[in-house]
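Here's the structure we're looking at; comments come further down.
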Number of protein chains: 2
Amino acid sequence: MTAPATHAEMANAIRFLAVDAIEKAKSGHPGMPMGMADVATVLFTRFMKFDAQAPKWVDRDRFILSAGHGSMLLYALGYLTGYADLDIEQIKNFRQLGYRTAGHPEFGHVDIADTTTGPLGQGIANATGFALAEAMQAARYGQDVVNHYTYVVAGDGCLMEGISQEAITLAGHLKLAKLIVLWDDNHICIDGDTALSTSDDQRARFAAAGWNTDACDGHNPDDIARAIEAARKSDRPTLIACRTTIGKGAPTKAGSEKIHGAPLGGDEIKAAREAANWNYEPFEVPAHVLAAWRAAGSRGSAERTAWEGRFGKLDLSRKAEFERTQDGRLPAGWQDAIAAFKQKISTDQPKVATRKASQDVLEVVTAAIPEMIGGSADLTHSNLTNTKACAPSVKAGDYSGRYIHYGIREHGMAAAMNGLSLHGGFIPYGGTFLIFANYLWPALRMSAMMEQRVLYVLTHDSIGLGEDGPTHQPIETLAALRATPNVLVFRPADAVETAEAYEAALLNAKGPSVFALSRQNLPTLRTKHTVENLTAKGGYVLAEAAKELNGGKRQVTLIATGSEVSLAMEARKLLADKGVAAAVVSLPCWELFDRQSKEYRASVLGEGSVRVAVEALGTFGWERYVGLDGAVVGMTGFGASAPADKLYQHFGITAEAVADAALARL
Amino acid sequence: MTAPATHAEMANAIRFLAVDAIEKAKSGHPGMPMGMADVATVLFTRFMKFDAQAPKWVDRDRFILSAGHGSMLLYALGYLTGYADLDIEQIKNFRQLGYRTAGHPEFGHVDIADTTTGPLGQGIANATGFALAEAMQAARYGQDVVNHYTYVVAGDGCLMEGISQEAITLAGHLKLAKLIVLWDDNHICIDGDTALSTSDDQRARFAAAGWNTDACDGHNPDDIARAIEAARKSDRPTLIACRTTIGKGAPTKAGSEKIHGAPLGGDEIKAAREAANWNYEPFEVPAHVLAAWRAAGSRGSAERTAWEGRFGKLDLSRKAEFERTQDGRLPAGWQDAIAAFKQKISTDQPKVATRKASQDVLEVVTAAIPEMIGGSADLTHSNLTNTKACAPSVKAGDYSGRYIHYGIREHGMAAAMNGLSLHGGFIPYGGTFLIFANYLWPALRMSAMMEQRVLYVLTHDSIGLGEDGPTHQPIETLAALRATPNVLVFRPADAVETAEAYEAALLNAKGPSVFALSRQNLPTLRTKHTVENLTAKGGYVLAEAAKELNGGKRQVTLIATGSEVSLAMEARKLLADKGVAAAVVSLPCWELFDRQSKEYRASVLGEGSVRVAVEALGTFGWERYVGLDGAVVGMTGFGASAPADKLYQHFGITAEAVADAALARL
């Protein structure tokens, strides 16, 4: 019988799995898994609350590998602790097509990945959302049911990215005490020594953001344990600077940028094995080490059983609510509330900005869906994102509210919303101006890739915002969002479409949705109530060509979104005055329209008709609907500062211009 | 004769110009100009080195209103100090079409705006570039010729944005001692008290980044002066926390978010005038106050004359070099170097990645153009951005180098490059992966809006990067960049096109250029040397349909960019094998192609031919060239992690797929 596995053996199991997998893949990042193997071993064998046999247990601690290029650290941990979806074949086929072990960890591919990481800074910013979700869920269900930590492994890259500042200042402000960041303080970045590009005192920086901070020798298990133990007792989030050597264990390459992102090579691996006395074949983990790891993997099973007992004691209705929200199922009746709202609008026919309509819809849906939580990047009064049901705000120490003042942190807000959504139990929505989607785009991309139901309430959606001028007028933003896979981009034309857009977005459980909303007032165009959600079809004929013109045969199709749909309606009238039969198509969501049948799309777009699109943003991408022979009336450069009506005239986005473009093509 | 103007009167002149202009415009942000009027008055009357009569004097101090919504502060200063382009009519027509006084200050509209600001955080990040440019230019020409400060007014919004962290850590690292940030510490953001969303200790945060910090009473002129005086002597950049009251002078609204972004209203204005004893009509500045301000505006004229004397003493050739680089004129002969390089490539026909070709071209152009300065966001070895001419690197205290280790700060890098370019004297280029253009997009937008020649070297430009997987594979990025006005987006197919792209980008003095470059090797396709820069036409026929097929009449046009041009060439061969006459069009730059004559474009795209486009990124936007009847072979979702050749197969981006798409449409 062999001796029990030592810490060093267990850490070396991580190191050599990483080394071997990267060597076989001929690509990958060994430096971090080797450097952080000791920290990870201490965390997973002594602290992490998890059960590899029940990987999605809701009260598990979360582990976020913000330095996602070190993915082999995560995969090694998963295999060693016994996650069913990470067998040795997965490790052997690291970075290969058809395997779960992607170059960077991906949520939904492997159970152990609580989030997708790789784009630096996203993970630590997600973590703020995870920790906030924990605090908010605990405030709702009590610490007997919700009580877990969020651990983050972050590198210098994560901490140099601006988004990390947004994340840590928000976490510090909200005193998210169960958030613990283990910083891989290895003094190496890709270009070489970190001293090439940074002189930050990271502990002082985190302290300035209200964090507890500590340091440890990242290769001394007891010192690591001491620091984590202390961090868990803090009343503030904690940064632990883990002083490590990148590529620890590689005889000649350790401590150098050369080991960051390339295989070690045969000679270095051989020497590393010898130095560590690791006399095993590639991918071989000796039985006693694997057994020790597997024991660590089931360490949490008793805790889980105890938790199930506590959870079982909840009221039946509370239990059902917890499970419903955790599973992402919407409550009964919420669509009735939207239907009633739609009917009222079609009757009242208000002239309101769609941002105001959005607020009215949010009043309805946040009242009906308690897991919706709102917020804004410091534009609450402009985005109109707060509601009676959501107020009051979440505060440090009181997480019972449903509204978050994210501050002027668009990117951090989006990444935090990803964390809130990934954690489970919440449907987050957050507001800013549409132009500032440019700031949060990398995190929105992650919402899309991770298929998270995150709602982006983006107001002031065109040159129609007027006087704030070109710096605030989105031109390219909508095209970029439409070009991003798995994002539903809605630009509703009136309050009815706004309500329908929210309904479609909430039903879209597997991806984010964006609402581009006007600052300026718009007439109600959907004056006849429909039970059917027309916006959910992406596009539809709002007004067919008049029967009395051209024998009822459509000659022109005017296609528009949002604030320009009413302008297209005016153009239709101008054309009618000249005897031209024009239909108006409202196209609030390209992605949903493209999913309709070919026949439906052809009928809406009017095959053979002259097509003119109009949108008071950049024209890029509209050829998809108007083709090479149609026209697009929109912006081809940046905007200007003036009252909105003056700008529409100045840039030629008018009913006359739309009608003229059609006439020129008849 | 009246008494000389007091500080209070001079500051009130700013306040009431702002109040009156915003009231007349019925929109704008009075809170900041009123709150910072005292600080601005001290700065402009006692410290700023400038001459309103020679607004673009190169050795002037720079003033960056990072909190750009307070634009009326800047316009008031411009009018009061006597800038010729800011008369009282401009102030009276604040935010109106056809006037220079836009909602947010715009570079190129008013001389006093050293940069365009408004999107928060951009200004302070530009400032890092300005201060770096000053240090680098001083290292080249001496302090007799280059010796000025960069002053920044920043609000809480700027400091909460993540980009500010990237900027201040870079500035602190590089010890940019002549950078002085005046923080409008007014405890108010748009949602209300800043305590709603932040608890940062800003001074501690800046200190952690290596800054000198201080605080002052932002309404006490002597205390403000003391702090600025001390800051000018620091050997590090300085943050001065100016404790102010937002909307200072408004009797009921001061100190509240209500005054941040809305006109005061008649009653409040009346009461403010009474409280300040400001018995003047709207827009009226009493003569003695205006005279005092005008004196401040010409205060720097003697300094300027002295500077001209010193500048006159430079060597003729050094003087010419300074003026040439400051004016943005390129040196003689640089195009010959590119032509020679092109010819050599056409002969040698190497198979290299375009990122490697980019490095080779950079070697050529940085040797020929000394004002080019390079850098990378910590991906030097991957982007291949360093050159013999540029090394060694810029370091704190030694600014003579030409290469900047920007660190993992993509957004900060782009904004710093804007500052470097705006300052004058340099043409900056900087590298990162194409996917991380998503991180720097808001700053690239500013390069475009401000018409700055900033070069973005973006490598790893498609799923062709392989194993790093979907988090690192750009899908939507290229579409977004193409949708952004005034950006030249180049995706060269081989080393010849890469050289041509650089030539076209350097000739494009009025906007940024992007190079999307492959990680993987590509064959040389331009095997016949052309003197003409074909890439500068945006698109051209690389291979016409074979004469022996279909009577020499082109049936199919295959359109591709970058790494897919060689794939299109293979498809052409497959089609030829089936007797189909197909041409290949290389379309490296859509923007330049769209500027060509209609006839040229039609001849290239082959009117009447079946069109198939192929690009290993998202297909969004390609209908502009293939229309409704053509096909686009590309990505419709996110990528995957595997070797590149496997991914091309997996996602069906192959010569066979391209050929099949054409055949299906014949």
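The values are calculated or read from the model by the stated rules, or taken from the named source; none is laboratory data. Fair warning: this is a prediction, and the values are worked out from it, not measured in the lab. All Cβ positions, even for glycine, are placed from backbone atoms using ideal geometry, and neighbour counts span all protein chains on display. With ligands, DNA and RNA removed, areas are computed over all heavy atoms of the protein, side chains included. Shrake-Rupley method; radii C 1.70, N 1.55, O 1.52, S 1.80 Å.
Counting partner chain Cβ atoms within 10 Å of every residue's Cβ in A:60-66, what's the average? Working shown, then result.
On the way: counts 0, 0, 0, 0, 0, 0, 0.
So the per-residue partner count for this stretch is 0.
Over all alpha-carbon pairs in the stretch A:7-304, figure out the percentage whose distance exceeds 25 Å.
43 percent
Provide the per residue accessible area, probe 1.4 Å, for the stretch B:334-523, rounded to a whole number of square angstrom. Provide the component values of the computation, followed by the final result.
Details: 3890 Å² over 190 residues.
With the other protein chains kept in place, the stretch B:334-523 gives 20 Å² per residue.
How many angstrom separate the Cα center of the stretch B:120-190 from the Cα center of the stretch A:150-179?
24 Å
Less than 18 Å apart at the alpha-carbon level, and either on another chain or at least 8 residues along: which lysines does that give for B:Lys351?
B:Lys342, B:Lys528
Compute the acute angle (0 to 90°) between the alpha-carbon long axis of helix A:7-25 and the principal axis of greatest extent of the alpha-carbon atoms of chain A; round to the nearest 10°.
50 degrees
From the gyration tensor of the Cα coordinates in chain A, what semi-axes in whole Å does the equivalent ellipsoid have, largest first, with each one equal to sqrt(5λ)? Walk me through the intermediate numbers first.
Values: eigenvalues 530, 139, 99 Å².
Gyration-tensor ellipsoid for chain A: 51, 26, 22 Å.
Can you list the aspartates and glutamates whose alpha carbon sits under 18 Å from that of B:Lys344, skipping same-chain ones fewer than 8 residues off?
Excluding near neighbours in sequence, the set is B:Asp336, B:Asp360, B:Glu363, B:Asp494, B:Glu497, B:Glu500, B:Glu503, B:Glu532.
Kindly state, to the nearest 0.05, the FRET efficiency for B:Glu570 paired with A:Asp193, given R0 = 41 Å and r defined as their beta-carbon distance. Write down the numbers at each step before the final one.
Working: r = 45 Å, r/R0 = 1.09.
Taking R0 as 41 Å, the efficiency between B:Glu570 and A:Asp193 is 0.35.
Given a Förster distance of 35 angstrom, what is the FRET efficiency for A:Ala306 paired with A:Glu229, based on the Cβ-Cβ distance and rounded to 0.05?
On the way: r = 21 Å, r/R0 = 0.60.
After rounding to 0.05, the efficiency reads 0.95.
Order B:171-184, B:280-293 from most to least packed using the mean count of other Cβ atoms within 10 Å. It would help to have the intermediate numbers written out before the result.
Working: B:171-184: 26.0, B:280-293: 16.6.
Packing order, densest peptide first, comes out as B:171-184, B:280-293.
Angle between the Cα long axis of helix A:287-298 and the longest principal axis of chain A, 0 to 90 degrees, nearest 10?
Rounded to the nearest ten degrees, it is 50.
Using modelled amide H (1.01 Å from N, peptide plane; none on Pro or chain starts), what sits under 5 Å from the amide H of A:Ile373, excluding residues fewer than 5 places away?
So A:Ile373 has HN proximity to A:Ile427, A:Tyr429.
Hey, quick one: spin label on A:His650, modelled 7 Å out along Cα-Cβ, who in the stretch A:604-639 has an amide N within reach, i.e. under 17 Å?
Correct set: A:616-618, A:634-639.
I'd like the carbon and sulfur percentage of the solvent accessible area for the protein assembly as shown, probe radius 1.4 Å, heavy atoms only, ligands and nucleic acids excluded.
Summing carbon and sulfur atoms, their accessible area is 50 percent of the total for the protein assembly as shown.
Between beta-carbons, use under 14 Å as the cut-off and find the net charge around A:Ile224, counting Lys and Arg +1, Asp and Glu -1.
Numbers: positive: A:Arg46, A:Arg226, A:Arg232, A:Arg243, A:Lys248; negative: A:Asp38, A:Asp184, A:Asp185, A:Asp214, A:Asp217, A:Asp222, A:Asp223, A:Glu229.
Every neighbour counted, the sum reads -3.
Once the label point is placed 7 Å from Cα along Cβ, list for B:Leu97 the distances to the corresponding points in the other copies, in nm, shortest first.
5.5
Rounded to a whole number, what is D in µm²/s for the stretch B:1-130 from Stokes-Einstein with the Kirkwood radius over alpha-carbon pairs (4 °C, 1.567 mPa s)?
Values: Rh = 14.7 Å.
Roughly 88 µm²/s, to the nearest whole number.
Summing Lys, Arg as +1 and Asp, Glu as -1, what charge do residues with Cβ under 10 Å from the Cβ of A:Thr524 carry, A:Thr524 excluded? Write out the running numbers ahead of the final one.
Working: positive: A:Lys351, A:Arg526; negative: A:Asp348, A:Asp494, A:Glu497.
Computed value for this residue: -1.
Return the average number of partner chain Cβ atoms within 10 angstrom of each residue Cβ along peptide A:143-154.
Working: counts 0, 0, 0, 0, 0, 0, 0, 0, 0, 0, 0, 0.
That works out to 0 on average.
In the neighborhood of A:Asp629, defined by Cβ-to-Cβ distances under 9 Å, what is the net charge if each Lys or Arg adds +1 and each Asp or Glu adds -1? Before the final figure, lay out the partial values.
On the way: positive: A:Arg611, A:Arg665; negative: none.
After counting each charged neighbour, the total is +2.
Which percentage, to the nearest 5, of the DSSP beta bridges contained in the protein assembly as shown is antiparallel? List each step's numbers first, then the result.
Working: 16 of 126 bridges.
Close to 15 percent.
At a probe radius of 1.4 Å, figure out the B/A buried accessible area, summed over both chains, and give it in Å² to the nearest 100.
Numbers: alone 24590 and 24580 Å², together 41000 Å².
For chain B against chain A, roughly 8200 Å² becomes buried.
Please give the average number of partner chain Cβ atoms lying within 10 Å of the Cβ of each residue in B:183-193, rounded to a whole number. Working shown, then result.
On the way: counts 0, 0, 0, 0, 0, 0, 5, 9, 13, 5, 1.
For peptide B:183-193, the averaged partner shielding equals 3.
Let me know the shape class of the stretch A:378-495, please: from the alpha-carbon gyration tensor, a ≥ b ≥ c as square roots of the eigenvalues, rounded when a/c is under 1.5, otherwise prolate if a/b is greater than b/c, or oblate. Each step should come with its number before you reach the end.
Working: a/c = 1.89, a/b = 1.29, b/c = 1.46.
Oblate.
Rounded to the nearest 10 degrees, what's the angle between the helix A:301-312 long axis and the longest principal axis of chain A, both from Cα atoms, 0 to 90?
40 degrees
Express in % the proportion of alpha carbon pairs of the stretch A:577-666 at distances exceeding 15 Å. Show your work: numbers first, answer last.
Working: 2541 of 4005 pairs.
So the pairs more than 15 Å apart make up 63 percent of the total in the stretch A:577-666.
Round to the nearest 0.05 the FRET efficiency obtained for A:Lys344 and B:Arg243 when R0 = 41 Å and r is the Cβ-Cβ distance.
0.25
Short version: what are the Cα gyration tensor semi-axes of the protein assembly as shown, square root of 5 times each eigenvalue, largest first, in whole Å? Intermediate values should be presented prior to the final figure.
Working: eigenvalues 368, 311, 264 Å².
So the equivalent ellipsoid measures 43, 39, 36 Å along its semi-axes.
Can you tell me the length gained on complete extension of the stretch B:Arg329 to B:Ser298, counting 0.36 nm per residue apart and subtracting the Cα distance?
Here the segment from B:Arg329 to B:Ser298 would lengthen by 8.2 nm.
What value does the stretch B:159-239 have for Rg/Rh, both radii from Cα atoms and Rh as Kirkwood defines it? If you can, show how the numbers build up before the last one.
Values: Rg = 13.2 Å, Rh = 13.4 Å.
The Rg/Rh ratio comes out at 0.98.
So, in the stretch A:529-666, how many Lys pairs have Cα atoms under 23 Å apart, if the pair is 8 or more places apart or on different chains?
Numbers: A:Lys537/A:Lys598; A:Lys547/A:Lys573; A:Lys547/A:Lys578; A:Lys553/A:Lys573; A:Lys553/A:Lys578; A:Lys553/A:Lys598; A:Lys573/A:Lys646.
Here the count comes out as 7.
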